[in-house]
């Protein structure tokens, strides 16, 4: 087998491969002999058909099959021989493809970039630390109560945070417009759900009252046909309901899967969840800073095949998340290219850090992480057992741990500043990078 390689760009390779005619004929004859054993030809018993007849009937198909398999086999033999690492399937172009002659074809493909990850000492990381105080816990209990607010009809004028049941008709220049009317819709005043002035205009209204609101759509309104236009809304208030927060009772605790523990037991469980969330938030912020630093210090050229694969994966995710009848390939690639490029480059960099430092998942950390995740469930032991019975899930946890070990490796040389902050600041989402998961 003859092989020559041409570098057509930083990552693209053009490889010419020659396969001797003898090897082709050997493969063709092998297939014809297999066919002869099972071929059914009128006038001949199975297995007794003359090879001349078999060759006349089946040689063309056997040759096409042999050539296809040989191209696949010799391509991988060639990349191993040349010590190349293809980043995607090759584009194959036959040069000589005739019976009795050596097969010669050209395979064009991209290779993974070769680089050494550097610049750990140029990365600056701010590592937050915080505690869950009693005040933080009290605030969280109020949040949980508000999330379970009930509304009861009130015989009074509407206030902010009241829920109104309303009918409304919107008109522009005396004409009703699409999406401008509704009946029996529920609206919480102060929620910011409607355009500016709508909810404010209903403060003080009572059940049965009709109000006319003259409002202007924002210039940046999502519906460009309405942006900046003035509309008249006639609103009828059907009912006014005031919010009622639930009491901290056993019935309330049971909604969160916590039974017969009393208020102190409930507070203990909520604190555990807050501490778990706090640890994860701090870990995520450190990781994002490390990844940003690695990206800045290690510019890497991305193989087009890897970028295209990641764009397609993000398209599928978007369709699964938002639904609709659209097909993934109908979404413009440009929507995902920046995010896809970040993910691919980070994947290449992280893999190289693992390779350079000979990292392997720490199985003790794997178990700790599984136990941490399992602690949020009623039967944590069953959850731990489930992970260890499911290889795919277990390997996903191993990947997370390996990434954490990459972060730890970088932190050993990075400039790390510790900063004490409040719980709220620590868990507040940072400006999320494109690949945040």
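Need the failing condition index for residue 278 against (1) assigned to a helix (DSSP H, G or I); (2) modelled with pLDDT under 95; (3) over 22 Å from the mean Cα position of the chain (by Cα), just the number.
Result: residue 278 fails condition (2) only.
Starting from residues that are within 16 Å of residue 287 (Cβ to Cβ) and touching a helix residue (DSSP H, G or I) at 6+ places or on another chain (Cβ under 7 Å), keep the ones in the stretch 414-430 and report whichever is surrounded by the fewest Cβ atoms within 10 Å (Cβ to Cβ).
Among them, the one singled out is 430.
Taking the stated definitions as given, is residue 366 buried (at least 16 other Cβ atoms within 10 Å of the Cβ) and either closer than 14 Å to residue 286 by Cα or in contact with a strand residue (DSSP E or B) (Cβ under 8 Å, 6 or more places away or on another chain) (or both)?
no
On the given criteria, is residue 298 touching a residue at least 40 places away in the same chain (Cβ under 8 Å) and surrounded by fewer than 13 Cβ atoms within 10 Å (Cβ to Cβ)?
So residue 298 does not fit the description; no.
Any idea which of (1) in a loop (DSSP other than H, G, I, E, B); (2) free of Cβ contacts under 8 Å to residues at least 60 places away in the same chain; (3) closer than 30 Å to residue 379 by Cβ is the one residue 269 doesn't satisfy?
Only one criterion in (1) in a loop (DSSP other than H, G, I, E, B); (2) free of Cβ contacts under 8 Å to residues at least 60 places away in the same chain; (3) closer than 30 Å to residue 379 by Cβ is unmet by residue 269, namely (1).
Yes/no matrix, rows are residues, columns are (1) under 13 Å from the mean Cα position of the chain (by Cα); (2) modelled with pLDDT of 90 or more; (3) farther than 16 Å from residue 348 by Cα:
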site	(1), (2), (3)
283	no, yes, yes
293	no, yes, no
302	no, yes, no
307	no, yes, no
317	yes, yes, yes
326	no, no, yes
335	no, yes, yes
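Please state which of the following conditions residue 168 fails to meet, knowing it meets all the rest: (1) modelled with pLDDT under 95; (2) crowded, with 17+ Cβ neighbours inside 10 Å.
Here residue 168 meets the rest and fails (1).
Of the residues that make up the stretch 399-422, is at least one within 30 Å of residue 256 (Cα to Cα), modelled with pLDDT of 95 or more and either part of a loop (DSSP other than H, G, I, E, B) or not assigned by TED's automatic domain parsing to the domain that holds residue 296 (or both)?
yes
How about the stretch 18-32: which of its residues are in a strand (DSSP E or B) and buried (at least 19 other Cβ atoms within 10 Å of the Cβ)?
19
Does residue 355 satisfy the criteria of being within 24 Å of residue 290 (Cα to Cα) and not in a helix (DSSP H, G or I)?
no
Residues of the stretch 303-334 being without any contact (Cβ under 8 Å) to a residue 60 or more places away in the chain, assigned to a loop (DSSP other than H, G, I, E, B) and surrounded by 14 or more Cβ atoms within 10 Å (Cβ to Cβ), which ones?
Result: 331, 333.
Those residues that are exposed (fewer than 15 other Cβ atoms within 10 Å of the Cβ) and either in contact (Cβ under 8 Å) with a residue 24 or more places away in the chain or outside the structural domain of residue 271 (by TED's automatic domain parsing) (or both), I need them from the stretch 374-398; list them, please.
The answer is 375, 376, 378.
Provide a single number: the residues in the stretch 228-262 that are surrounded by 15 or more Cβ atoms within 10 Å (Cβ to Cβ) and within 14 Å of residue 152 (Cβ to Cβ).
Qualifying residue count for the region: 6.
Only one of these is in contact (Cβ under 8 Å) with a residue 12 or more places away in the chain, outside any helix (DSSP H, G or I) and more than 30 Å from residue 130 (Cα to Cα): 360, 341. Name it.
360
Any residue in the stretch 243-262 that is assigned to a strand (DSSP E or B) and within 30 Å of residue 211 (Cβ to Cβ)?
yes
For residue 4, state whether it is touching a strand residue (DSSP E or B) at 6+ places or on another chain (Cβ under 8 Å), loosely packed, with under 15 Cβ neighbours inside 10 Å and without any contact (Cβ under 8 Å) to a residue 40 or more places away in the chain.
So residue 4 passes the test.
Report the residue count in the stretch 216-245 for those that are in contact with a strand residue (DSSP E or B) (Cβ under 6 Å, 6 or more places away or on another chain) and over 30 Å from residue 143 (Cα atoms).
Residues that pass the stated criteria total 9.
The values are calculated or read from the model by the stated rules, or taken from the named source; none is laboratory data. The model shown is predicted, which means the values in this text are computed figures rather than measured ones. No Cβ is skipped: glycine too gets one built from the backbone with ideal geometry, and neighbour counts run over all protein chains shown.
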